[in-house]
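Engineer: Would you mind keeping the following structure in view while I ask a few things?
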Amino acid sequence: MGVQRQNKIMYGGDYNPEQWSEEVWAEDMRLLKLAHIDIVTLNVFNWAMLQKDDEVYDFVKLDKIMELVKENGLKVCMATSTAAHPAWMARKHPDILRTEHNGMKRKFGSRHNSCPNSPTYRKYSALLAQKLAQRYQGYDNIVAWHVANEYGGQCYCENCEKQFRVWLKEKYGTIEELNRVWNLAFWSHTMYDWEDVVVPDLRSEEWFWDYTRTNFQGISLDYRRFQSDSMLACYRAERDAIKEIMRGVPVTTNLMGFYKDLDYQKWAREMDFVSWDNYPGHDAYPAQIAMSHDLIRGLKQGAPFWLMEQTPGVSNWHPYCALKRPGVLRLWSYQAVAHGSDTVMFFQMRRSIGACEKYHSAVIDHAGHENTRVFRETAALGKELERIGAQTLGARTPADVALIFDWDNWWASEYSAGPSRLINYHGEASKYYRALSEANIAVDIIGVEDDLSGYKLVIAPMLYMCKDGFDEKVRMYVKGGGAFLTTYFSGYVEDHDLVVTGGYPARLRDILGIWVEESDAVVEGKCNHFTYKGVRYPADILCDLLHLEGARAVSAYEEDFYRGMPVLTENDFGKGKAFYVAAGSGREFYAAYLADLCGSLGISPVLKAPEGIEAVVRENENGSFLFILNHNDADTAVTLADSGTDIITETAYAAGAQVTMAPKDVLILRKR
Ligand code: GLA
Ligand code: ZN
């Protein structure tokens, strides 16, 4: 179930009136109206206000807030307040407190601080969601529920340890099977009893504060899966409590883009729609932001998502909290819409005066009035969104290219002891995404469980773990005429991180027509070289030494003892083709190589445009919308291929028209 189709792109965000006296509320309402805001996310961090003891609940203030926003015609995204537990609860029920990776039991403090396997948390979080749904079910301005907030982190407490054993027993059945999948004959780790299983933290198998190194990849990998599942179980418990009372209302939780700790593809299956919080750093490049939007859109097979949060001006938690330059709030808002969002929302409506977010932007600044740059930009965008109305809602993104992204691969490839500290799963995927995005070629980011059949090209960078059945899916896809590309450090292991023997890339070997005998790690800053279409490029990170088993060599290494061995290969397989890139390389290579590949496969850019111009298409029953975004700081001329009408200004353009776009400006051309 998705969100009911609204009459416009909803505009608003987190509103925390409980931090303010009631006199301020009326002024808030005036200012929000002035900014053309129509939706507020309420009740994100109110647990202490709502539950004062085990049996004592108090909804008086929230009742008033609900009435206030209703009277003022605002829609509500209703949060459940369970991302930070009350102090009394931690004091009375210390099982709710998390234990750190180093074994340190936490005290009360911070947020996202509850153990996901704490019986107290499970009980009281679901109960609070239920009570909220019971109490506010009559409010027809609630358009969605927002469970907790940005789930994340890890816990290594005794409850988690106990629950880990239960999770493992369910997954593997017998202790013998556990010994097999974790390869426990290594280093005398054989376990005789489920009680032998302990959490693989700093006291056990892992080292480094950020749990990036482990002696037993299988154990650590399962712990990641288990923690992600544990938090998902918390989400599901709240969702079910809400749904029991308000069956027809869509439920979500706000995600964080490429967030490593939680397997969002698994999470999305439990969410009615996905939403996320977009906080790029000061040095983020446009394709980097676009990639996160596309990941989020892919979680629900292309269905529209919500941009739940972004800052209107400045954040407080980046190393350098640079201001959003004039026009960037608008540009990045439309970038989200271009990539599939049906909302534009902010954190937050009024800037706090105390604690760590007091220097984080809000629509209403500490100055307290509407005469600020950020307010003016916010209000101007709000007015524009009103004019645009519902036209783009529900629209989908047509894409011929799929990029595979898989959390198990992310975890497993980076846990791997060897071959290089430069192994970076998201980084490798980003190189391919960036080249495509900067050529304005639409990409869907999908998981290994998704359908490949609709794509002309499927790229699976660093497919280190080729899970049971995935190779067969790829085999069928390529046999049927598809094009498949993968890279170095692929096809090593199966689902438990056990090596598939017989020669790398094991299950993918016949499809690619190659055998990788060895791989050479290249020290940071150094490289080998290869030439592609007359241009010399670096080969870095990991250089595979491979033999052709039916594939053709397109290019070869030029240095070192493996000089002359293939670095780019191409294999005819069934009616399709499989491509292999045996090393890392630079941005120029990916741009050239992918442009050729797409060209040969009949995949075209949505618009040919100068650097810094991003073009994205969304389609629905109202037509096809071509979003053109000028990320440059200078005027940039764009030649339109087709005629269309800009839905922001209602200006009509003829095919072939040359348009000079001002810095950070946006066009949304509607074609029928
Ligand atoms: C996150 C949270 C918000 C707020 C913002 C600040 O996205 O969900 O509560 O802390 O960051 O950037
Ligand atoms: Zn725990």
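Engineer: Rounded to the nearest percent, how much of the accessible area of the chain (1.4 Å probe, protein heavy atoms only) is carbon and sulfur?
Structural biologist: It is 51 percent, rounded to a whole number.
Engineer: Still on this structure, please answer the following. For the range 463-523, evaluate the Debye formula with one uniform point scatterer on each Cα (no solvent term) and list log10 I(q)/I(0) at q = 0.13, 0.17, 0.21, 0.29 Å⁻¹, rounded to two decimals.
Structural biologist: Cα-only, vacuum Debye calculation for the range 463-523: -0.33, -0.55, -0.81, -1.32.
Engineer: Just to compare against my own numbers: the Cα pair-distance distribution for the range 401-600, 10 Å bins, whole % per bin, please.
Structural biologist: Bins of 10 Å from zero give 9, 39, 41, 11, 0 percent of pairs.
Engineer: Shifting gears a bit: Only Lys, Arg, Asp and Glu count, each charged at its Cβ (+1, +1, -1, -1), so figure out the dipole size of the range 200-315 about its Cα centre, rounded to 20 debye.
Structural biologist: Dipole magnitude for the range 200-315 comes out near 320 debye.
Engineer: I've got another one for you. Treating only the Cβ of Lys, Arg, Asp and Glu as charged (+1, +1, -1, -1), what charge dipole size does the chain show about its Cα centre? Round to the nearest 20 debye.
Structural biologist: 1280 debye
Engineer: Please work out, to two decimal places, the log10 of the ratio I(q)/I(0) at q = 0.12, 0.14, 0.15, 0.21 Å⁻¹ from a Debye calculation in which every Cα of the range 89-193 carries one identical scatterer.
Structural biologist: So the normalised log intensities are -0.61, -0.75, -0.82, -1.10.
Engineer: Over the Cα atoms of the range 3-45, what radius of gyration and what Dmax do you get, in Å?
Structural biologist: 11.8, 35
Engineer: Out of the trypsin sites (Lys or Arg not before Pro) in the range 129-223, which ones are loop residues according to DSSP with at most 16 other C-beta atoms within 10 Å?
Structural biologist: Of the trypsin sites (Lys or Arg not before Pro), the ones in loops of the range 129-223 whose Cβ has at most 16 other Cβ atoms within 10 Å are 203.
Engineer: Hey, can you rank 372-384, 301-313 by average C-beta count inside 10 Å, highest first?
Structural biologist: 301-313, 372-384
Engineer: Which percentage, to the nearest 5, of the DSSP beta bridges contained in the range 1-125 is antiparallel?
Structural biologist: Taking every DSSP beta bridge with both residues in the range 1-125, the antiparallel ones total about 35 percent.
Engineer: Please work out the ratio of the alpha-carbon Rg of the range 180-269 to 2.2 N^0.38 Å and round it to two decimals.
Structural biologist: 1.42
Engineer: Take the residue pairs 358/383; 123/171; 61/324; 52/75; 324/383 and return only those whose Cα atoms are more than 23 Å apart.
Structural biologist: 358/383; 123/171; 61/324; 52/75
Engineer: Which three lengths, in whole Å and largest first, does the range 158-212 cover when its Cα atoms are put on their principal axes?
Structural biologist: Principal extents (Cα only, largest first): 32, 27, 15 Å.
Engineer: What's the extension gain from residue 526 to residue 123 if we count 0.36 nm per residue and subtract their Cα-Cα distance? Show your work: numbers first, answer last.
Structural biologist: Values: separation 403, 0.36 × 403 = 145.08 nm, distance 5.48 nm.
Separation in residues times 0.36 nm, less the Cα-Cα distance, equals 139.6 nm.
Engineer: Keeping to pairs on different chains or 8 or more places apart, tell me how many lysine pairs in the range 401-600 have Cα atoms under 29 Å apart.
Structural biologist: Step by step, the pairs that qualify in the range 401-600 add up to 24.
Engineer: Sticking with this structure for a sec: Please compute the Kirkwood hydrodynamic radius over the range 528-672, one decimal place, Å, based on all pairs of different Cα atoms.
Structural biologist: Radius from the Kirkwood sum: 18.2 Å.
Engineer: At q = 0.07, 0.08 Å⁻¹, what is the log10 ratio I(q)/I(0) for the chain, with the Debye formula run over Cα points and no solvent?
Structural biologist: Per q value, in the given order, log10 I(q)/I(0) is -0.50, -0.65.
Engineer: Here is a follow-up. Can you give me the Rg/Rh ratio for the range 326-471, using Cα atoms for both radii and the Kirkwood formula for Rh?
Structural biologist: 1.10
Engineer: Before I look further, what does the chain give for accessible area per residue, probe 1.4 Å, in whole square angstrom?
Structural biologist: Averaged over the residues of the chain, the accessible area is 39 Å².
Engineer: Next up: If packing is taken as the average count of other Cβ atoms within 10 Å, what order do 484-496, 467-479 fall into, highest mean first? If you can, show how the numbers build up before the last one.
Structural biologist: Values: 484-496: 23.3, 467-479: 17.5.
Result, highest mean first: 484-496, 467-479.
Engineer: Taking every eigenvalue of the Cα gyration tensor of the range 1-153, multiplying by 5 and rooting it, what semi-axes result, largest first, whole Å?
Structural biologist: The answer is 30, 16, 15 Å, longest axis first.
Engineer: Put a dot 7 Å past each Cα toward the Cβ at residue 563 and residue 20; how far apart are the dots in nm?
Structural biologist: 7.1 nm
Engineer: Additional query: What FRET efficiency do you get for residue 355 and residue 517 if R0 is 51 Å and r is their Cβ-Cβ distance, rounded to the nearest 0.05? Intermediate values should be presented prior to the final figure.
Structural biologist: Details: r = 57 Å, r/R0 = 1.12.
The calculated FRET efficiency here is 0.35.
Engineer: Suppose we keep just the alpha-carbon trace of the range 613-671; what are its Rg and Dmax in angstrom?
Structural biologist: Over the range 613-671's Cα set, Rg and Dmax evaluate to 10.9, 35 Å.
Engineer: In whole Å, what three semi-axes, largest first, describe the equivalent ellipsoid of the range 511-581 built from its Cα gyration tensor (square root of 5 times each eigenvalue)?
Structural biologist: 22, 13, 10
Engineer: Explain nothing, just the number: dipole magnitude of the range 158-212 about its Cα centre with +1 on each Lys and Arg Cβ and -1 on each Asp and Glu Cβ, in debye rounded to the nearest 20.
Structural biologist: Dipole magnitude for the range 158-212 comes out near 140 debye.
Engineer: If I take R0 = 25 Å and measure r between the Cβ atoms of residue 52 and residue 95 in this structure, what FRET efficiency does the formula 1/(1 + (r/R0)^6) give, to the nearest 0.05? Present the calculation step by step, with values, prior to reporting the outcome.
Structural biologist: Details: r = 20 Å, r/R0 = 0.79.
Computed FRET efficiency for residue 52 and residue 95: 0.80.
Engineer: Tell me the net charge near residue 11. Cut-off is 9 Å between Cβ atoms, residue 11 excluded, with +1 for each Lys or Arg and -1 for each Asp or Glu.
Structural biologist: Spelling it out: positives minus negatives among the neighbours equals -1.
Engineer: Okay, moving on. For labels at residue 283 and residue 87 in the simple 7 Å Cα→Cβ model, what's the distance in nm?
Structural biologist: 4.0 nm
Engineer: Send over the semi-axes of the range 78-126's equivalent ellipsoid, whole angstrom and largest first, taken as the square roots of 5 times the C-alpha gyration tensor eigenvalues.
Structural biologist: On the way: eigenvalues 61, 25, 22 Å².
Largest first, the range 78-126 gives 18, 11, 11 Å.
The values are calculated or read from the model by the stated rules, or taken from the named source; none is laboratory data. In this text, all values refer to a predicted model and were calculated from it rather than measured experimentally. Glycine gets a Cβ as well: all are built from the backbone with ideal geometry, and neighbour counts include every protein chain shown. SASA here: full protein model, heavy atoms, side chains in, ligands and nucleic acids out. Shrake-Rupley method; radii C 1.70, N 1.55, O 1.52, S 1.80 Å.
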